[in-house]
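Worksheet: the structure to be examined is printed underneath.
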Amino acid sequence: MAATDPIIYAVGDIHGYADLLDDLIAQIERDAEKYPGRPIEVVFVGDYVDRGPDSRGVIARLREWKPAFSVTCLKGNHEQFLVQTIKHPGLELVSNMGQDETFASYLDREDELANDLYWMDNLPLTKQIEAQGQAYLFVHAGIIPDRPLKDQPDRALIWIRDEFLDYEGDHGFIVVHGHTPDGTGWPELKPNRINVDSGVFFSGRLTCVVLGDGEPRFLHAYAGEGWGDDV
Ligand SMILES: [Mn+2]
């Protein structure tokens, strides 16, 4: 393996669980110490806000974290929808996406919310990285199968579900995504895709996959047994 080959950490949907993000970031920093001299790439696949207790805290940590390696925050459908909600008041009335919790976390911090919304609105939708001769595409939800990446509508990249999830063919790269937890509370490892959304809001588990060092492996931040019993 070339010394310039990157080690990649890709983190699934966070949904306002800032404490678990703190835990996972600490694990990533510790894990990365195993690879001195190697380029380190961290990719967050989107859905930072809504549902959980501290969306503001999640965004603040993502924006403040400045490690010595490359960090990319992709846009999720929840970031897109939150921006749309502000641009088109009334939209939230038809949504059940957990935005009440987000707005509560920004109470009396309108300037910070406006600044963070601008940041969210300008996040990229995809990132491509190659490691150990394997190409990876990082994206929030997935892609329309059998369609070139340049022809993928933004909407598909952050909202698609079954058409992508049910497809078992080779995309030409392994798609690393979130958006649709499989219900088990764990990540999914398939030949053509890796789903890092372990459904933190029902499982208490936030997941990161480590790529570029042999077989994929996972890091988890876990809220513990009995998590959510009092919710
Ligand atoms: Mn999500």
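Taken together, the residues in the stretch 64-81 that are within 14 Å of the chain's Cα centre (by Cα) and without any contact (Cβ under 8 Å) to a residue 60 or more places away in the chain amount to 3.
Quick check on the stretch 50-60. Is at least one of its residues hydrophobic (A, V, I, L, M, F, W, C) and in contact with a Leu (Cβ under 8 Å, 6 or more places away or on another chain)?
yes
Against the test of being out of contact with any His (no Cβ under 9 Å at 6 or more places or on another chain) and either closer than 16 Å to VAL139 by Cα or buried (at least 23 other Cβ atoms within 10 Å of the Cβ) (or both), the options THR207, THR180, THR184 yield a single qualifying residue, THR180. On the stretch given as the stretch 1-20, residues that are within 16 Å of the ligand (Cβ to nearest atom) and assigned to a helix (DSSP H, G or I) total 2. Name the residue that is surrounded by the fewest Cβ atoms within 10 Å (Cβ to Cβ), counting only residues in the stretch 110-140 that are of a type in the set (Gly, Ala, Ser) and out of contact with any Leu (no Cβ under 7 Å at 6 or more places or on another chain). Per the stated criteria, the residue is GLY133. All of (1) among the hydroxyl-bearing types (Ser, Thr, Tyr); (2) within 29 Å of ASP22 (Cα to Cα); (3) touching a residue at least 24 places away in the same chain (Cβ under 8 Å) hold for THR184 with one exception: (3).
Could you grab me the full set of residues in the stretch 138-157 that are more than 16 Å from the ligand (Cβ to nearest atom) and either of a type in the set (Val, Ile, Thr) or assigned to a helix (DSSP H, G or I) (or both)? ILE143, ILE144, LEU149, LYS150, ASP151, ASP154 - these are the residues of the stretch 138-157 that are more than 16 Å from the ligand (Cβ to nearest atom) and either of a type in the set (Val, Ile, Thr) or assigned to a helix (DSSP H, G or I) (or both). Of the residues making up the stretch 161-174, just one is within 16 Å of the ligand (Cβ to nearest atom) and in contact with a helix residue (DSSP H, G or I) (Cβ under 9 Å, 6 or more places away or on another chain), namely PHE164. With the requirement that a residue be within 16 Å of the ligand (Cβ to nearest atom) and of a type in the set (Gly, Ala, Ser), what does the stretch 21-80 give you? Once the filter is applied, which keeps residues that are within 16 Å of the ligand (Cβ to nearest atom) and of a type in the set (Gly, Ala, Ser), the stretch 21-80 yields GLY46, GLY52, SER55, GLY76.
Here SER55, SER70 are screened, and the one residue that is within 30 Å of GLY183 (Cα to Cα) and of a type in the set (Ser, Thr, Tyr) is SER55. When you check VAL196 against the structure, is it at pLDDT 95 or above, within 18 Å of LEU125 (Cβ to Cβ), more than 15 Å from the ligand (Cβ to nearest atom) and aliphatic (A, V, I, L, M), yes or no? No, not satisfied. I'd like to check something: does the stretch 158-174 contain any residue that is touching a Leu at 6+ places or on another chain (Cβ under 6 Å) and outside any loop (DSSP other than H, G, I, E, B)? The answer is no; no qualifying residue exists. Considering the stretch 38-83, and only residues there that are β-branched (Val, Ile, Thr) and surrounded by fewer than 24 Cβ atoms within 10 Å (Cβ to Cβ), the residue that is farthest from GLU130 (Cα to Cα) turns out to be VAL83. Among the residues making up the stretch 116-133, those that are free of Cβ contacts under 8 Å to residues at least 60 places away in the same chain and of a type in the set (S, T, N, Q) are ASN122, THR126, GLN128. Restricting to the stretch 7-59, and then to whatever is free of Cβ contacts under 8 Å to residues at least 40 places away in the same chain and among the hydrophobic types (A, V, I, L, M, F, W, C), can you tell me which residue is nearest to SER198 (Cα to Cα)? Step by step, filter the stretch 7-59, then rank; the result is PHE44.
The values are calculated or read from the model by the stated rules, or taken from the named source; none is laboratory data. Predicted model only: the values in this text are computed from it and were never measured. Glycine also receives a Cβ, built like all others from the backbone with ideal geometry; neighbour counts cover every protein chain displayed.
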